[in-house]
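Visitor: I'd like to ask some things about the structure below.
Derivation of every value follows stated rules applied to the coordinates shown; laboratory data play no part. Note that this is a predicted model, so its numbers are computed, not measured. Positions of Cβ are generated from backbone atoms using ideal geometry, with glycine treated the same way; all protein chains shown enter the neighbour counts.
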Amino acid sequence: MRPFFFLLRPERVRLTAAIAALMASTLAGLFFPQLIRQMIDGDGLVGGSLERFLIVAFGLAVIQSIAGYFRTALFTQVGVNMVTQLRKALFDSLLRMPMEKLDLESSGSLNSRLSNDACAVQDALSVTIGHALRHLVTVLGSMALMIWMAPKLAAASLILLPAMVIVARLHGRKVRRLGSRGSDAIAASADVAVEQLRQIATVRVLQAESNASRVYSEAVDTVRDVGIERSVAAGRFAATAAFSRFGGLAAIVALGIAETQSGALTIGDLGAFVVYTMLLAVSVGEMAGMWGGLASARGACSRVASWLEDTEEAVDGLSPQAGTIRLDNVRFRYPARPEHPALDGVSFEIEKGQTVAVVGRSGAGKSTLAHLLTKIYALETGSISWGGVDLGDCAAAEVRAQVAVVSQEPVLFSGTIAENIRLGRPEATDEEVYAAAEAAVVLPIIERLPGGFDADVGEGGRQLSGGEKQRVAIARALLANPALLILDEATSALDTLSEAQVAVALQRLMKDRSTLVITHRMDQAMRADRVVVLEAGRVIEAGAPNELLTSAGSFQEMCAELNVA
């Protein structure tokens, strides 16, 4: 629980008030059996008077109701505030988490942590602990009063406690394991649903609805099976706890009657003792049941804590300097595919203001270069320097501030065109946004859409065509005014007309800046200053495109295949 203490600090006052209200309501409840004893035996505050009994009992009821209101309201507010802060902290942690770890998580797992696990932590830290504290005070108070009233009976009663604690611990381990399995199963079913619904058009074209339904049904059946197994385990524990509770109570009542008959106890003492025994049994049973809930939440807490405590990207470091970008013997493997090197000893340079094209067949490692130059991933071995400064010593934010990437699949977010253009520079003025849109040939799009710059592009930019999304992405890159531009298959998915429109915007974007063009298009490579040919993560050729075209090699072969001269 220690990693979550930061959630409790802002709630100290509210939590203290909630605990005070809890103590007041619980202590008022513990005093009620004493009223019963005084009414029966005719002594104490009530002295056998029905009128005084009703007055005092009514007063205790008022205290319990008021204190119970504040206890419930305050603990609930604490829980809501805590889960809100936890989700924010989790999401911020995800934004800064190393890609090496994110690659190993599915989208369903990420969503499950933000929703299900966050709520489980909330329940553990506020609701469950609040109830557990109330029952703990009841147990301790009942035990103290039972020992004070009848030590022999109290000793017999307390024999039951260790047995119930052992049963609770065994049950808790079982529930914790089932809780972890249940969370994993829910995440897996969410993965299936997201994947099938995201590709719903393809599913329908292939008439694969029945297959999609079968796959999802199998996933949710697994969730159901784990839930049933968990309910059976909970039922077994409930049956064992009930037998122990009521069997023990019957034994205590029998011993108490014998003590009363011998004159060691008054009838009022026995009545109060039986009530305290019931309170003790109920509270212990509730705490044992909560042990299962806490055990289940413990798995969620450990998963969330591992995220919150995970290594983040370094925020401090040097800034890259203007100049030559040099890759020296770079090696890298993706965490999800450690047996396959993506880059194996890659070395080449991009001089300031130069355009370098990287070509190669699919899987050669071309796009991996973009990930390393933007510090999305860390190198395995080798080095990348920019203006003589090692990128390993640079803060990721400083590097990314000087790089813009335009990829084959431009990423737009729900919001307006202006918001998407401003994404990398939220402080940009309207005039700067307009200038970037004009240079990227986005104005014709804006004029067509109702709302202009304030037109909503929809989720993932679904209101725009591929070429239109690409031009918005180029406007975003222009606004960022990067020192290094990375074009990762930027026009490969466009039709002829869209490509021509985008090409105009790209030429303006590439002017007077270092550019890395990642492409399988030989005509684009021929327009570069230098070409680097990759194969299986290694540089097999490098040089000016005309030189490579006239020498027998892979570049010449690829150009011949595409009839490029």
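Visitor: Just in segment 372-473: which chymotrypsin sites (Phe, Trp or Tyr not before Pro) are loop by DSSP and have at most 15 other Cβ atoms within 10 Å?
Guide: PHE413
Visitor: Let me ask another. Long-range amide H contacts for GLY48: which residues qualify at under 5 Å (H placed 1.01 Å from N, peptide plane, sequence gap of 5 or more or a different chain)?
Guide: Residues meeting the criterion, in which the H sits 1.01 Å from N, are MET39, GLY42, ASP43.
Visitor: Do any trypsin sites (Lys or Arg not before Pro) in segment 200-279 lie in a loop, going by DSSP, with at most 12 other beta-carbon atoms within 10 Å of their beta carbon, and if so which?
Guide: Filter output for segment 200-279: empty list.
Visitor: Just rank ARG400, ARG337, fewest to most, by other beta-carbon atoms within 10 angstrom.
Guide: ARG337, ARG400
Visitor: Oh, and also: Between ALA342 and residues 5 or more places away or on another chain, which pairs have amide H atoms under 5 Å apart, with H built 1.01 Å from N, and which residues are they?
Guide: Correct list: PHE332, ARG333, TYR334.
Visitor: Excluding residues fewer than 8 places away in the same chain, name every one of the aspartates and glutamates whose C-alpha is closer than 12 Å to that of LYS152.
Guide: Reachable aspartates and glutamates: GLU259.
Visitor: Along segment 51-68, what does the Karplus equation 6.51 cos²θ - 1.76 cosθ + 1.60 (θ = phi - 60°) give for ³J(HN,Hα), rounded to whole Hz, x for Gly and Pro?
Guide: Result, rounded to whole Hz: 5, 5, 4, 5, 5, 5, 4, 5, x, 5, 5, 5, 4, 5, 5, 5, 5, x.
Visitor: What FRET efficiency comes out for ASN329 versus ARG513 if R0 is 35 angstrom and r is the Cβ-Cβ distance? Round to the nearest 0.05.
Guide: 0.85
Visitor: What is the fewest-to-most order of VAL504, VAL441, VAL304, VAL13 by other Cβ atoms lying within 10 Å of their Cβ?
Guide: Least crowded to most crowded, the residues run VAL13, VAL504, VAL441, VAL304.
Visitor: If you take the charge dipole of the chain about its Cα centre, with +1 on Lys and Arg Cβ and -1 on Asp and Glu Cβ, which of CYS559, ILE19, GLY458 is farthest toward its positive end?
Guide: Most positive-ward Cα: ILE19.
Visitor: Moving on. Could you go through segment 321-333 in sequence order and give the Karplus-derived ³J(HN,Hα) for each residue, using 6.51 cos²θ - 1.76 cosθ + 1.60 with θ = phi - 60°, rounded to whole Hz, and x for Gly and Pro?
Guide: 9, 4, x, 6, 9, 10, 9, 10, 6, 6, 10, 7, 10
Visitor: Can you compute the helix-only [θ] at 222 nm over the chain? Use -39500 (n - 2.57) per DSSP H run of at least 4 residues, normalise by all residues, nearest 500 deg cm²/dmol.
Guide: Mean residue ellipticity, 222 nm, calculated: -20500 deg cm²/dmol.
Visitor: Name the long-range amide H neighbours of THR355: under 5 Å, sequence gap of 5 or more, or other chain; modelled H, no Pro or chain starts.
Guide: Answer set, sorted by chain and number: THR515, ASP529, ARG530.
Visitor: Spelling out what I want: for every residue of segment 535-550, take phi, set θ = phi - 60°, compute 6.51 cos²θ - 1.76 cosθ + 1.60 (Karplus), and round to whole Hz; glycine and proline get x.
Guide: Once θ is set to phi - 60°, the couplings for segment 535-550 become 8, 6, x, 10, 7, 10, 8, 7, x, 5, x, 5, 5, 5, 5, 8 Hz.
Visitor: Only sites in a loop by DSSP and with at most 10 other Cβ atoms within 10 Å count here; which GluC sites (Glu not before Pro) in segment 34-114 make the cut?
Guide: Hits after loop and neighbour filter: nothing returned.
Visitor: Can you list the lysines whose alpha carbon sits under 23 Å from that of LYS375, skipping same-chain ones fewer than 8 residues off?
Guide: Output for LYS375: LYS101, LYS352, LYS366.
Visitor: Another question about this same structure. Could I have the simple spin-label model distance between ILE540 and ILE257, label points 7 Å from Cα toward Cβ, reported in nm to one decimal?
Guide: 9.5 nm
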